[in-house]
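Have a look at the structure below, then the notes.
The values are calculated or read from the model by the stated rules, or taken from the named source; none is laboratory data. Everything quoted here is computed from the prediction, not taken from an experiment. In this analysis, Cβ positions are derived from the backbone assuming ideal geometry, glycine residues included, and neighbour counts consider all displayed protein chains.
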Amino acid sequence: MMRVVSGIQPTGSLHLGNYLGAIRNWVQMQQDIQGDCLYFLADLHAISLPHDPKELAANTREMAAALVACGIDTDRSILFNQARVPAHAELQWLLNGTARMGWLNRMTQFKDKSGKNREGASIALFTYPVLQAADVLLYQATHVPVGDDQKQHLELARDIAQKFNNDFAREDAPIFTLPDPIIPKSGAARIMSLRDGSAKMSKSDPSDMSRINLTDDADTILQKVKKAKTDPEPLPSSAEGLEGRVEAQNLVGIYATLAGTTVDAVLSQFGGQGFGAFKPALAELLIETLGPISARFNDLRADTTALDAILVKGAERAATLAAPTLAATYQALGLQR
């Protein structure tokens, strides 16, 4: 039996990159995985950076609505937010005794997020990889979906688990399962900005024209695609011809991912044509795909009571799964409670 655990920060305003890069694969895993799927909103991670409390609370509910609208089945999967399961924070503290400063100093994301003001960064930002380890080790996760930017954190989780087992558990009765990375069948699409094909699509980009939001209506999607940056050359007949054409590569890649086909197949259809023909076809496919998601999302986000009920139910299920591991960790460390 597999147990998959993955999380996403409740930043609000989900966009196409979030959907094709992670969420669509979460939905597919519900059907493919023989076992448990736990998906959490990482609100404890969100406080590692400056934030507005009211905005965080609203974004957490909004993210829950978006995930359900995208297809997360809360009867089949466990959907919850971290803060409703205190065992996440408890286990992080217990694992802080095992994690090493040298390991955390090598985490590249801390360097990226703290920038030049490393001394002014929060302790939470420095130690959040230990919380990430707790997030998955708490549930004896066998597999964790990872992108390139998260591989280092999964390796850290395995290092912490291995050292804890070596230090505090019998060889034939380890406390923690060492999780393996999982690459979804459809892969993890890397969606780039509509204004700069060398930068990832991101909510933090000041230009709303750089991204397709899951809440965008049909007219907005059409306008954003029409104004997406391209080059004057026609589309080639094969993927090799896209080399060095980052904007063209991005748009064709989005089409292929949405259509569930290959880049070569898309180019066999549109090769030789200009973007004046390709962009309307891409916009139509985006509208067809995102329209039902947007409609359901708007219905769900208005019912905060129902959203809270979903998260409470998920947290209760998650806490039940977490309890044996947390108890075993306390006992292994000689702590009485």
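Could you tell me whether segment 230-248 includes any residue that is surrounded by 13 or more Cβ atoms within 10 Å (Cβ to Cβ), among the β-branched types (Val, Ile, Thr) and more than 28 Å from Asn298 (Cα to Cα)? Yes, there is a match, as at least one residue in segment 230-248 is surrounded by 13 or more Cβ atoms within 10 Å (Cβ to Cβ), among the β-branched types (Val, Ile, Thr) and more than 28 Å from Asn298 (Cα to Cα).
Any chance segment 137-147 includes a residue that's farther than 27 Å from Thr60 by Cβ and among the hydrophobic types (A, V, I, L, M, F, W, C)? No, every residue in segment 137-147 fails to be farther than 27 Å from Thr60 by Cβ and among the hydrophobic types (A, V, I, L, M, F, W, C).
Consider segment 214-260 and keep the residues that are polar (S, T, N, Q) and within 30 Å of Ala65 (Cβ to Cβ). The one that is modelled with the lowest pLDDT is Thr215. Number of residues in segment 119-146 that are under 28 Å from Ala318 (Cβ atoms) and part of a helix (DSSP H, G or I) equals 15.
Filtered by the rule that a residue be farther than 24 Å from Phe176 by Cα and either part of a helix (DSSP H, G or I) or small (Gly, Ala, Ser) (or both), segment 98-118 gives Thr108, Gln109, Phe110, Lys111, Asp112, Lys113, Ser114, Gly115, Arg118. Would you mention how many residues in segment 77-105 are touching a helix residue (DSSP H, G or I) at 6+ places or on another chain (Cβ under 8 Å) and modelled with pLDDT under 95? Looking only at that region, the number is 2. In the set Asn96, Asn81, only one residue is of a type outside the set (D, E, K, R) and over 12 Å from Val130 (Cα atoms); that residue is Asn81. Sub-8 Å Cβ pairs linking a first residue in segment 95-113 that is touching a residue at least 40 places away in the same chain (Cβ under 8 Å) to a second residue that is assigned to a loop (DSSP other than H, G, I, E, B) and not β-branched (Val, Ile, Thr), at least 6 apart or interchain, are Gly97/Leu333; Lys113/Leu49; Lys113/Ala121, ordered by first then second residue.
When you look at Ala134, is it in the same structural domain as Phe176 (by TED's automatic domain parsing), over 19 Å from the mean Cα position of the chain (by Cα), among the hydrophobic types (A, V, I, L, M, F, W, C) and crowded, with 19+ Cβ neighbours inside 10 Å, yes or no? No, not satisfied. Of the residues in segment 102-117, at least one is surrounded by 13 or more Cβ atoms within 10 Å (Cβ to Cβ) and small (Gly, Ala, Ser). Got at least one residue in segment 111-129 being within 18 Å of the chain's Cα centre (by Cα) and small (Gly, Ala, Ser)? Checking segment 111-129: not a single residue is within 18 Å of the chain's Cα centre (by Cα) and small (Gly, Ala, Ser). All but one of (1) at pLDDT below 95; (2) surrounded by fewer than 21 Cβ atoms within 10 Å (Cβ to Cβ) hold for Asn25, so report the exception by its number. With (1) at pLDDT below 95; (2) surrounded by fewer than 21 Cβ atoms within 10 Å (Cβ to Cβ) applied to Asn25, the lone miss is (2). Scanning segment 197-253 for residues that are touching a residue at least 24 places away in the same chain (Cβ under 8 Å) and of a type in the set (S, T, N, Q) returns Ser198, Ser202, Asn213, Thr215, Thr230, Ser237, Ser238, Gln249, Asn250. Would you be able to say whether some residue in segment 118-125 is at positive phi and either without any contact (Cβ under 8 Å) to a residue 60 or more places away in the chain or acidic (Asp, Glu) (or both)? The answer is no, given that none of the residues of segment 118-125 is at positive phi and either without any contact (Cβ under 8 Å) to a residue 60 or more places away in the chain or acidic (Asp, Glu) (or both). Remark: Ser238 matches the filter, which requires a residue to be among the hydroxyl-bearing types (Ser, Thr, Tyr), touching a helix residue (DSSP H, G or I) at 6+ places or on another chain (Cβ under 8 Å) and more than 18 Å from Met192 (Cβ to Cβ). Restricting Arg3, Arg61 to residues that are charged (D, E, K, R) and closer than 28 Å to Thr220 by Cα narrows the list to Arg61.
Any idea which residue in segment 28-58 is farthest from Gly71 (Cα to Cα), counting only those that are surrounded by fewer than 19 Cβ atoms within 10 Å (Cβ to Cβ) and of a type in the set (Gly, Ala, Ser)? Among those residues, the one meeting the criterion is Ala57. Only one entry in Ala277, Ala332 is surrounded by 14 or more Cβ atoms within 10 Å (Cβ to Cβ) and either free of Cβ contacts under 8 Å to residues at least 24 places away in the same chain or more than 22 Å from Gly7 (Cα to Cα) (or both), namely Ala332.
The helices (runs of 4 or more DSSP H) found entirely in segment 241-337 that carry 1 or more residues being under 25 Å from Lys229 (Cβ atoms) and assigned by TED's automatic domain parsing to the domain that holds Lys229 are 246-259, 263-270, 275-301.
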